[in-house]
Structures are given as C-alpha cells and as structure tokens.
Amino acid sequence: MDQPIFKVEIITRPGKFEALKEALNELGVMGMTVTNVMGCGVQKGQPANYRGVPYTPSLLPKIKVETVISEVPVEAVIDVAKKVLRTGEIGDGKIFVYPVSNVIRIRNGDEGVTALDNQP
C-alpha cells in the first residue's frame with residue numbers, strides 16, 4: 001500500500017450533520033457511516049427543564065460520522081469539519097484520526113486503496 005489510509009471519526013451535535021455531510025461531499029468524501037450515539041464530555045449534560053422540573057441529563061444525543069479516506073488529504077477533511085462544526089460552545093464535538101493498516105472489500109477480496117474505490 002503506497003498511499004496512506006486514514007479513518008476519521010467525528011462526534012458532534014445531530015443538528016450539524018447535514019451541513020457536515022454536504023461539506024464532506026464537496027471535498028470528495030462520499031462514503032461514510034453515521035450512527036446516533038449518546039455521550040458527554042466536559043459539559044456532563046447541560047441542565048434542562050422537563051415539564052417545569054429542572055434536571056441534568058448524564059448523556060446527550062450526538063452523531064458519530066466515520067469515514068475512511070486515502071485520496072482526499074486528511075488535513076482537508078479535518079479543516080472542513082472544524083469549519084462547519086465549530087460554534088465556540090461546549091459540546092461542538094471531537095475529531096479522531098486513526099491510521100488504517102489495510103482495507104479489504106469482502107465481495108471480491110480487493111485490498112488497500114483499491115478496496116475503497118466506489119466501483120460496482
């Protein structure tokens with residue numbers, strides 16, 4: 001494998017997903033896995049009211065967007081995600097970047113960058 005492959009995992013607010021997806025698509029990132037998740041970071045759940053009663057939830061709804069890239073520079077993906085997702089408020093999310101040692105397409109056994117190509 002000559003080209004480096006990276007997995008980028010972005011955890012953020014659900015309301016930001018459409019803008020993130022469009023920005024990543026414009027950059028050339030087409031394949032992604034999106035999961036609804038619950039979590040908390042520094043904010044530990046923001047205080048809220050339910051039927052007039054204050055409470056603090058321990059986990060907040062988030063989305064996790066995962067994509068594996070090789071053609072698009074990983075720095076460009078990170079820059080676009082930061083630009084789209086940053087509000088300056090607690091809870092904007094996190095971006096995790098992992099090196100990927102190999103990718104295998106189960107259907108035909110393609111490996112490496114070839115397995116990432118969006119070919120039928």
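The values are calculated or read from the model by the stated rules, or taken from the named source; none is laboratory data. A quick note: this is a predicted structure, and the numbers were derived from the prediction, not measured. All Cβ positions, even for glycine, are placed from backbone atoms using ideal geometry, and neighbour counts span all protein chains on display.
Only one of the numbered conditions (1) modelled with pLDDT of 95 or more; (2) exposed (fewer than 15 other Cβ atoms within 10 Å of the Cβ); (3) not in a strand (DSSP E or B) is not met by residue 36, and that is (3). Scanning the stretch 71-120 for residues that are in a helix (DSSP H, G or I), surrounded by 11 or more Cβ atoms within 10 Å (Cβ to Cβ) and free of Cβ contacts under 8 Å to residues at least 40 places away in the same chain yields 79, 82, 114, 115.
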